[in-house]
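FYI, it's all coordinate maths here, none of it is from the lab. A quick note: this is a predicted structure, and the numbers were derived from the prediction, not measured. Glycine gets a Cβ as well: all are built from the backbone with ideal geometry, and neighbour counts include every protein chain shown.
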Amino acid sequence: MNKRLIGSKEETRAGKFLEDNGCRVIQKNFRCSAGEIDIIFLDKDDTVCFGEVKYRENEEMGFPEEAVDNKKQRIICRVSDHYRAKNGLDESMSFRFDVIAVSPSDIKWIKNAFDYRER
């Protein structure tokens, strides 16, 4: 199975996990000129969450959450700016950046995985 198919399957699995935990998925794979965010969802407290889904088949390449480095965090923040502007979400709304770390046997939801990163 190619990486894109695996990624898509695991993003679907992560979305179901979030919904099972009381969240409402708003959008998957939001793309703009700055990049992409895997999943955007509302947490139970109406916080808008920008989620990065990372999958690792095993720990040979490290833990999934370790792949969300500073460069990736800055990209996600830029894309979140585009999303919020496009959808009229201002600074009065609560938002955060989460990582959903997926392995064959587990899903780990890391809330507030990183703070907003300036350019």
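Things to note:
- (i) 1.01; (ii) 1.09; (iii) 1.28, with the label sought being that of the calculated Cα Rg over 2.2 N^0.38 Å: (i)
- Inter-probe distance in nm under a simple model that places probes 7 Å from Cα toward Cβ, at THR47 and ASN21: 1.1 nm
- Dipole magnitude for region 3-114: computed about the Cα centre from +1 point charges on Lys and Arg Cβ and -1 point charges on Asp and Glu Cβ, it is near 400 debye.
- When you filter the GluC sites (Glu not before Pro) in region 25-119 for DSSP loop state and at most 16 other Cβ atoms inside 10 Å of their Cβ, you are left with GLU57, GLU91, GLU118.
- Each label was represented as a point 7 Å from its Cα along the Cα-to-Cβ direction; for ARG119 and SER105 these points are 4.6 nm apart.
- With the gyration tensor restricted to C-alpha atoms of region 78-119, the semi-axes of the equivalent ellipsoid amount to 25, 11, 10 Å, longest first.
- Relative contact order of region 3-114: 25 percent, from C-alpha pairs under 8 Å at least 6 residues apart in sequence.
- Mean residue ellipticity, 222 nm, helices only, the chain: the sum of -39500 (n - 2.57) across DSSP H runs of n ≥ 4, divided by residue count and rounded to 500, is -10000 deg cm²/dmol.
- The loop-placed chymotrypsin sites (Phe, Trp or Tyr not before Pro) in region 80-119, going by DSSP, that have at most 16 neighbouring Cβ atoms within 10 Å of their Cβ come out as TYR116.
- When DSSP beta bridges are restricted to pairs lying wholly in region 3-114, around 70% turn out antiparallel.
- Going by neighbour counts of Cβ atoms within 10 Å, the residues ASP43, ASP106 line up, fewest first, as ASP106, ASP43.
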